[in-house]
C-alpha cells in the first residue's frame with residue numbers, strides 16, 4: 001500500500017549514512033496497526049545497514065503511516081531525535097530517551113508538541 005508519504009531522511013556528517021524511518025501498516029483479522037523502524041541506510045547504495053529502533057502501534061494505518069519520524073541528528077550525527085508513535089526524544093541504545101526540560105505526556109506541557117532540539 002502506497003500512501004505517497006516520504007519520511008525525512010537525514011545524512012550523517014561524514015556523508016556515509018542516511019537515517020530515516022519506515023512505517024509498515026498491517027491488518028490481522030480485525031486488528032489494524034503498523035510497525036515502525038528507525039533505520040540506517042548506506043548513503044551510496046540505499047541498502048539497510050542496521051535497524052536502530054522498532055515499535056508498533058494499534059490503529060488505522062492512515063493515521064499511523066506518518067507517525068514515526070526522524071526530526072534531527074544530535075551533535076556529531078549521533079543519537080537522532082525522533083517522534084515515533086507519540087514517543088519523543090533522543091534515540092540512545094535502541095530506546096527513546098526524553099530530554100531534560102521537555103514536557104512529557106504526563107506533564108502539563110503543550111499537547112501535541114513536536115518541536116525538539118539539542
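Each value in this text was obtained by applying a stated rule to the coordinates, not by laboratory testing. In this text the structure is predicted, and so the values were computed from the model without any measurement. Reconstructed Cβ throughout: ideal geometry from the backbone, glycine too, with neighbour counts over all protein chains shown.
Determine the relative contact order of region 9-97: mean sequence separation of Cα pairs under 8 Å and six or more apart, normalised by residue count, in whole percent.
The value is 23 percent.
Between residue 31 and residue 51, what's the calculated FRET efficiency when r is the beta-carbon distance and R0 is 25 Å? Round to 0.05.
Values: r = 23 Å, r/R0 = 0.92.
The calculated FRET efficiency here is 0.60.
How long are the semi-axes of the equivalent ellipsoid of region 55-96, taking √(5λ) for every eigenvalue λ of the Cα gyration tensor, in whole Å from largest down?
Its equivalent ellipsoid spans semi-axes of 22, 10, 6 Å.
Could you line up 5, 53 from fewest to most neighbouring Cβ atoms inside 10 Å?
Fewest to most other Cβ atoms nearby, the residues stand as 5, 53.
Multiply the residue gap between residue 42 and residue 6 by 0.36 nm, knock off their C-alpha separation, and tell me the result in nm, one decimal place.
Value of the extension gain: 11.2 nm.
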